[in-house]
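Data block below; observations after.
Just so you know, all these numbers are worked out from the coordinates, no wet-lab data involved. Just so it is clear, the model here is predicted, and its values are computed rather than measured. Glycine also receives a Cβ, built like all others from the backbone with ideal geometry; neighbour counts cover every protein chain displayed.
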Amino acid sequence: MSLDLLKDRLPDYARDLKLNLSSLASEQLLTEQQKAGSFIAAALAANHAPTTKAVVDAFAGQLSPEALNAAKIAAALMAMNNIYYRFVHLVPAPDYKTLPAKLRMTAMAKPGVDKVDFELWSLVVSAVNGCGMCLESHEKVCREHGLSAEQIQAAVRIAATVHAVARTLGAEEALVPQLAQAA
């Protein structure tokens, strides 16, 4: 499925999402790799098969096999880390903050792309998953590696839009059986 078909599946009330997908697909603040990886990592994190398929179909060709794998690594590891570190952040008991995570994350050390791109994709997934502690950590590293606030914002705008598309289409799919029963 192409990005255009994905946009066509969105209902009229989600017109802004269609427009945002179009403008973000031609975003110039990020490198092609950063943009494509951000779209794919966000789609994987959003966990809606049709959205993921359309985004991967649209952007995987812009990534090397290693970069595509790195976007997948970011989505997989942040799915785990975002839950763990959100718990550490939100539970007030101070001893959790001093305990080692004891979670394997060795793929982060050599993800197959430049550190800044991997950190950006980890930030994108953390935005979708809502982990403040991870957002702060990855944003700091992105800035230390030279990304501007505008570049980081562009990646987060991709995350927000892809997530909204996935949620909207998922909700519409859930309504189809109800609408058929009502008829």
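Data for the structure
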{"quantity": "Members of segment 122-134 found to be within 12 Å of the chain's Cα centre (by Cα) and surrounded by fewer than 24 Cβ atoms within 10 Å (Cβ to Cβ), listed by number", "calculated": "ASN129, GLY130"}
{"quantity": "Subset tally (residues that are among the aromatic types (Phe, Trp, Tyr) and either over 25 Å from HIS145 (Cα atoms) or over 17 Å from the mean Cα position of the chain (by Cα) (or both)) for segment 86-121", "calculated": "2"}
{"quantity": "Single residue of segment 33-51 satisfying the filter (more than 15 Å from ALA155 (Cβ to Cβ) and either assigned to a helix (DSSP H, G or I) or of a type in the set (Ser, Thr, Tyr) (or both)) that is nearest to the chain's Cα centre (by Cα)", "calculated": "THR51"}
{"quantity": "Residue list for segment 18-37, restricted to those being farther than 19 Å from LEU169 by Cα and either loosely packed, with under 15 Cβ neighbours inside 10 Å or of a type in the set (D, E, K, R) (or both)", "calculated": "SER23, SER26, GLU27, GLN28, GLU32, LYS35"}
{"quantity": "Residue in segment 82-91 that is touching a helix residue (DSSP H, G or I) at 6+ places or on another chain (Cβ under 8 Å), within 21 Å of GLU27 (Cβ to Cβ) and not polar (S, T, N, Q) present", "calculated": "no"}
{"quantity": "Meets criteria (more than 24 Å from ALA79 (Cα to Cα), over 16 Å from the mean Cα position of the chain (by Cα) and among the hydroxyl-bearing types (Ser, Thr, Tyr)) for SER64", "calculated": "no"}
{"quantity": "Matching entry among ALA54, ALA70, ALA58 (being aliphatic (A, V, I, L, M), touching a Gly at 6+ places or on another chain (Cβ under 6 Å), crowded, with 20+ Cβ neighbours inside 10 Å and part of a helix (DSSP H, G or I))", "calculated": "ALA70"}
